[in-house]
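The values are calculated or read from the model by the stated rules, or taken from the named source; none is laboratory data. Quick caveat, the model's predicted, so the values are computed rather than measured. Cβ: placed from backbone, ideal geometry, glycine included. Neighbour counts: every protein chain shown. Remember, those area values only see protein heavy atoms, side chains included, never the ligands or the DNA or RNA. Shrake-Rupley method; radii C 1.70, N 1.55, O 1.52, S 1.80 Å.
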Amino acid sequence: MQSHDEIMEHTLRLALRGTGKVSPNPRVGCTIVKDGRIIGEGWHREFGGPHAEVDALNRCTEDPVDAIAYVNLEPCAHSGKTPPCAPLLIEKGIRTVVVAMQDPNPLVAGKGIAQLRDAGIEVIENICQEQAFWLNRTFVKHILTGFPYIVGKIAQSLDGCIATASGESQWITCEESRQEVHRMRSEFDAVMIGRGTAEADDPSLTIHSMPGRNPMRIILDTQCSLPISLKVFNDEFRGLTLYCHGEHIEHERLQCLQEMGIQTIACALGTHQHIDIPSLCTKLGREYGIGSILVEGGGILMQELMEQALLDELHLFIAPIMIGQGKRASGDYSAQSLAEAYSLHCKGVLQSGDDIHVIAVKST
């Protein structure tokens, strides 16, 4: 018979299948086990659709009475877009519920577990808790703060350059790394770049050659100086583009972009007389429901994110080349001492073709 950990790991893999389809909801899987056999499994498949517990119970091959339900996030006890799950588990006669982690949503936050226990159901908590938190880390931050989880992506040379001195950057990293970035985009609600990257690279910021959802595209352009011929303003996904400019800017480009179907956001200015990123992210999180942002550059934007301690996570793709005098990944960011340096801890180091992929998370 498989252990609780083994079945929860299977449940987490089920939850992963909802990637790019359920945000701003969390990714959740559910496995129903009876007499040592899996009799039902499911996951949250799309935003607004049945929760994982409902999906698993509907797919049971036999009566789930006295079965064990494994779920990577506490069953909900409130009605939202769908009915609550805890009462359904009670109704179906589930004997034991194994939970990886409590739901941080204030509407749940232990209430589902309490309801199950009050009904006489055994609840086993914190099985594979660390893996479960990592899976839904963007959801946890967004639901608790209203602020999106911000991940930086940097493609650089061994000596820390993201472009040559002349600005050439395509392509520093290998094809495998670029494919991984496309996969990453499908996991995030939005991708953000600054004016310099938009003008130099004219990226599409969509996903290519793989299934998944295209993210919102957030373009920062304080002075409203970008040409309207860019791909993000003209392609079939232009409805996904959010164009952020300084407040009080009046420019004929704005009216043109709005007529083209581009959403524009007037933003307050902050440090260096650039768009104030904290206030913009607050707006994106609370008014636009954006819970996660992948920041793809450039150096000036990374510099400001680090200066304001906004980077929650960093994905560094390092190519085995040396550029020498070139553009730096973090712009002009400068810690005055090692104690003041932006501190992260390494989550993992992976091989990506000929490149190295370093994953680091902000130290707490």
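Between amide H atoms placed 1.01 Å from N, distances below 5 Å from ILE39 occur with ILE32, VAL33, LYS34, all of them 5 or more places distant or on a separate chain.
Over the chain, what is the relative contact order in whole percent, taking alpha-carbon pairs under 8 Å and six or more residues apart?
Computed over the chain, the figure is 15 percent.
Describe numerically, in nm with one decimal, the distance between label points set 7 Å from Cα along Cα→Cβ at THR364 and at ALA119. Modelled inter-label distance: 3.1 nm. Taking the Cα centroid of the range 325-347 and of the range 5-31, what is the distance between the two, rounded to the nearest whole Å? The distance from the Cα centre of the range 325-347 to that of the range 5-31 comes to 35 Å. Could you tell me the relative contact order of the range 7-67? Use alpha-carbon pairs under 8 Å, at least six residues apart, and round to a whole percent. That works out to 29 percent.
Values of log10 I(q)/I(0) for the range 214-256 across q = 0.15, 0.17, 0.25, 0.34 Å⁻¹ run -0.35, -0.45, -0.93, -1.35, by the Debye formula with one identical scatterer at each alpha carbon and no solvent. Entry comment: accessible area of the range 5-110 is 41 Å² per residue, from protein heavy atoms only and a probe of 1.4 Å.
For the chain, just say rounded, prolate or oblate: build the C-alpha gyration tensor, square-root its eigenvalues into a ≥ b ≥ c, call rounded for a/c under 1.5, and beyond that prolate if a/b exceeds b/c, oblate if not. Can you show the working numbers first?
Details: a/c = 2.23, a/b = 1.82, b/c = 1.23.
Cα axes put the chain in the prolate bin.
When you count, for each residue, the other Cβ atoms within 10 Å and take the mean per peptide, how do 328-341, 301-314 rank with the highest first?
Per-residue mean Cβ counts within 10 Å order the peptides as 301-314, 328-341.
For a modelled paramagnetic label at GLN325, 7 Å from Cα along Cα-to-Cβ, the residues of the range 154-187 in reach, with backbone nitrogen under 11 Å, are 165-166. Surface composition of the range 278-340: carbon plus sulfur atoms contribute 52% of the solvent-accessible area (1.4 Å probe, protein chains only, all chains present). A 1.4 Å probe over all protein chains sorts HIS345, HIS315 by accessible area into HIS345, HIS315, starting with the largest.
Solvent-accessible area of PHE133, all protein chains in place: 100 Å² (probe radius 1.4 Å, heavy atoms, ligands and nucleic acids excluded).
Counting only protein chains, not ligands or nucleic acids, how are CYS346, CYS256, CYS244 ordered by accessible area (probe 1.4 Å), most first?
On the way: CYS346 85, CYS256 50, CYS244 0 Å².
The ranking, largest first, comes out as CYS346, CYS256, CYS244.
The Cα atoms of the range 58-200 cover 68, 32, 26 Å along the three principal axes, with the biggest extent listed first.
The protection proxy used here, the mean number of other Cβ atoms lying within 10 Å of each residue, ranks peptides 142-150, 113-121 as follows, highest first: 142-150, 113-121. Helical runs assigned H by DSSP (4 residues or longer) give the chain a calculated mean residue ellipticity at 222 nm of -7500 deg cm²/dmol, each run adding -39500 (n - 2.57) before division by the residue total. Can you tell which of VAL97, GLY20, GLN223 lies farthest toward the positive end of the dipole of the chain, using +1 and -1 charges on the Cβ of basic and acidic side chains (Lys, Arg; Asp, Glu)? My answer, from the dipole projection, is VAL97.
Counting only heavy atoms of protein chains, what accessible area per residue, in Å², does the range 116-184 have with a probe of 1.4 Å?
That works out to 46 Å² for each residue.
A crude spin-label estimate for the pair GLU6 and ARG183, with each label 7 Å from Cα along the Cβ direction, gives 2.6 nm. Counting Lys and Arg as +1 and Asp and Glu as -1, each charge on the Cβ, what is the dipole of the range 176-257 about the Cα centre in debye, to the nearest 20? So the magnitude is around 200 debye.
How big, in percent, is the set of alpha carbon pairs in the range 36-140 lying more than 19 Å apart? List each step's numbers first, then the result.
Values: 2125 of 5460 pairs.
I get 39 percent for the Cα pairs in the range 36-140 exceeding 19 Å.
Please report, ordered by residue number, every helix of the chain (full DSSP H runs) that is 20 Å or longer along its axis going by C-alpha atoms and whose mean Kyte-Doolittle hydropathy reaches 1.0.
Numbers: long enough: none.
Once both thresholds are applied, nothing remains.
Charges at C-beta only: +1 for Lys and Arg, -1 for Asp and Glu. How large is the resulting dipole of the chain about its Cα centre, in Debye rounded to 20?
440
Find the accessible area per residue for the range 247-290; the probe is 1.4 Å, ligands and nucleic acids are left out, and the unit is Å². Spell out each step's value before the answer.
Values: 2590 Å² over 44 residues.
Ligands and nucleic acids excluded, the result is 59 Å² per residue.
Given their separation in residues at 0.36 nm each and the Cα-Cα distance between them, GLU62 and TYR288 gain 77.1 nm when the chain is fully extended.
With the full set of protein chains in place, find how many percent of the accessible area of the range 46-177 is carbon and sulfur; take the probe as 1.4 Å. List each step's numbers first, then the result.
Numbers: 3000 of 5810 Å².
Here it works out to 52 percent.
Normalised by the number of residues in the range 132-232, the mean separation of alpha-carbon contacts (under 8 Å, six or more apart) gives a relative contact order of 20 percent.
Going by the alpha-carbon gyration tensor, a ≥ b ≥ c the square roots of its eigenvalues, is the range 137-277 rounded (a/c under 1.5) or, if a/c is not under 1.5, prolate (a/b greater than b/c) versus oblate? Rounded is the answer for the range 137-277, as its axis ratio a/c remains below 1.5.
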